[in-house]
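Asks: My questions will all concern the structure given below.
The values are calculated or read from the model by the stated rules, or taken from the named source; none is laboratory data. Predicted model, so just to flag it, every value in this text is computed and none were measured. FYI the Cβ positions are ideal-geometry reconstructions off the backbone, even for glycines, and counts take in every protein chain you see. Accessible surface areas use protein heavy atoms only, side chains included; no ligands, DNA or RNA. Shrake-Rupley method; radii C 1.70, N 1.55, O 1.52, S 1.80 Å.
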Amino acid sequence: MPASYDRNKIYPVIIGLHWRDGSAADVYGWSGFFGLKNLYGDNAIFIAPEGLDKGWANTGDRDIRFMRAMISEVQQGACTDPQRVFATGFSFGGMMSNAIGCQMGDVVRAIVPMAGSLWSGCANSSYKVAAMFIHAKDDNTVPYSAGMEARDVFLKRNSCSAITVPVGSNGCVEYQGCDSGKPVLWCGTETGGHWYPNFSAQESKAFFDRFK
């Protein structure tokens with residue numbers, strides 16, 4: 001919660017999802033919500049949930065059900081903006097971000113999966129979300145192709161074209177012709193392995209800030 005929390009102000013909610021064998025404490029602590037906490041300061045509410053079995057297998061949609069209940073609980077207890085609920089995560093957390101994007105567009109506005117894939121599932125849904133993907137070509141744990149596969153699901157869902165234009169200053173591109181308010185961005189890096197790049201927080205916040 002913001003140190004200067006104001007009950008008369010509505011705050012965006014940012015969910016940070018940990019990697020395999022990681023924890024909520026890792027996201028909250030040394031990663032600082034993948035660098036986003038420093039950028040937002042007191043202007044957002046952050047949530048670091050902890051997955052069962054130290055991951056987000058989402059067996060039988062259990063993690064999706066948990067996310068819905070968790071978000072609802074926070075929204076009942078704090079002054080949040082229901083139009084600005086965002087999810088991001090790395091590795092298994094990126095996979096869960098994709099699962100959230102596939103199924104929870106009625107609750108979550110945008111996702112930023114980093115080094116993710118569709119391995120936590122991707123249920124059919126008529127709900128759509130904005131999405132930005134970050135992935136390194138030399139990722140030997142979650143292949144670049146697995147990240148592109150996830151991206152392509154959202155490109156199709158959001159009716160995007162194959163035409164891209166550069167966005168930001170870190171090599172990201174935005175696909176053109178997407179449904180209104182449902183942009184899809186791709187940040188593919190040449191190197192970096194199975195990790196998230198230093199620019200991820202900057203580009204993630206710029207992306208989330210588009211949704212007011």
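Asks: Evaluate the relative contact order of segment 1-129 (contact order divided by residue number), counting alpha-carbon pairs under 8 angstrom at least 6 apart; express in whole percent. Present the calculation step by step, with values, prior to reporting the outcome.
Replies: On the way: 264 pairs, mean separation 36.1, N = 129.
The normalised contact order for segment 1-129 reaches 28 percent.
Asks: In square angstrom, what is the accessible area per residue of the chain with a 1.4 angstrom probe? Mind showing how you got there, number by number?
Replies: Numbers: 9370 Å² over 212 residues.
That works out to 44 Å² per residue.
Asks: List, largest first, the extents of the alpha carbons of the chain along their principal axes, each in whole Å.
Replies: 43, 37, 33
Asks: Turning to a different aspect of this structure: Give the cysteines in the chain for which no other Cys Cβ lies under 4.7 Å away, or write none if there are none.
Replies: Cys with no partner Cβ under 4.7 Å: Cys79.
Asks: Going by average Cβ density within 10 Å per residue, which order do the peptides 49-55, 144-150, 99-105 take, highest to lowest?
Replies: Working: 49-55: 16.0, 144-150: 18.4, 99-105: 24.7.
My ranking of the peptides, most packed first, is 99-105, 144-150, 49-55.
Asks: Please list 13-25, 30-42 highest first by mean number of surrounding beta-carbon atoms within 10 Å per residue. Each step should come with its number before you reach the end.
Replies: Details: 13-25: 21.1, 30-42: 16.2.
Order by mean packing, descending: 13-25, 30-42.
Asks: Label Asp26 and Ser161 with points 7 Å out from Cα along Cα→Cβ: what is the distance between them in nm?
Replies: 4.2 nm
Asks: What does the helix-only formula give at 222 nm for the chain: each DSSP H stretch with n ≥ 4 adding -39500 (n - 2.57), the total divided by the residues, and the result rounded to the nearest 500 deg cm²/dmol? Walk me through the numbers on the way to the answer.
Replies: Values: 6 runs with 61 residues, N = 212.
My calculation for the chain gives -8500 deg cm²/dmol from helical runs alone.
Asks: Then there is this: Among DSSP beta bridges whose residues both lie in segment 54-203, state the antiparallel percentage, nearest 5. Could you put the intermediate results ahead of the total?
Replies: Details: 6 of 20 bridges.
Of those bridges, close to 30 percent are antiparallel.
Asks: Using a cut-off of 13 Å between beta-carbons, work out the net charge of the residues near Gly89 (Lys and Arg +1, Asp and Glu -1, Gly89 not included). List each step's numbers first, then the result.
Replies: On the way: positive: Arg20; negative: Asp26, Glu50, Asp63.
Charge balance in the 13 Å sphere: -2.
Asks: Once every Cα of segment 151-212 carries one equal point scatterer and solvent is ignored, give the base-10 log of I(q)/I(0) from the Debye formula at q = 0.12, 0.19 Å⁻¹, two decimals.
Replies: Log10 I(q)/I(0), no solvent term: -0.31, -0.77.
Asks: Among residues other than Phe207 whose Cβ falls under 13 Å from its Cβ, what is the net charge (Lys/Arg +1, Asp/Glu -1)? Kindly include the intermediate steps, with their values, before the conclusion.
Replies: Numbers: positive: Arg84, Arg109, Lys182, Lys205, Arg210, Lys212; negative: Glu174, Glu203, Asp209.
Local charge sum for Phe207: +3.
Asks: In percent, what relative contact order does segment 100-148 have, based on Cα pairs under 8 Å that are 6 or more apart in sequence?
Replies: On the way: 71 pairs, mean separation 20.5, N = 49.
About 42 percent, as a whole number.
Asks: While we're on this one: Answer rounded, prolate or oblate for segment 1-108, using the Cα gyration tensor with square roots of eigenvalues a ≥ b ≥ c: rounded when a/c is under 1.5, else prolate when a/b is larger than b/c, else oblate. Can you show the working numbers first?
Replies: Details: a/c = 2.05, a/b = 1.32, b/c = 1.55.
Oblate, because a/c is 1.5 or more while a/b does not exceed b/c.
Asks: Which of rounded, prolate or oblate describes segment 107-212 when judged by the alpha-carbon gyration tensor and an a/c cut-off of 1.5?
Replies: Working: a/c = 1.57, a/b = 1.21, b/c = 1.29.
Here segment 107-212 falls in the oblate category.
Asks: Okay, moving on. For Gly16, what charge total do you get from the other residues with a beta carbon under 14 Å from its beta carbon, if Lys and Arg give +1 and Asp and Glu give -1? Let's see the in-between values first.
Replies: Numbers: positive: Lys37, Lys205; negative: Asp26, Glu50.
Around Gly16, the charge tally is 0.
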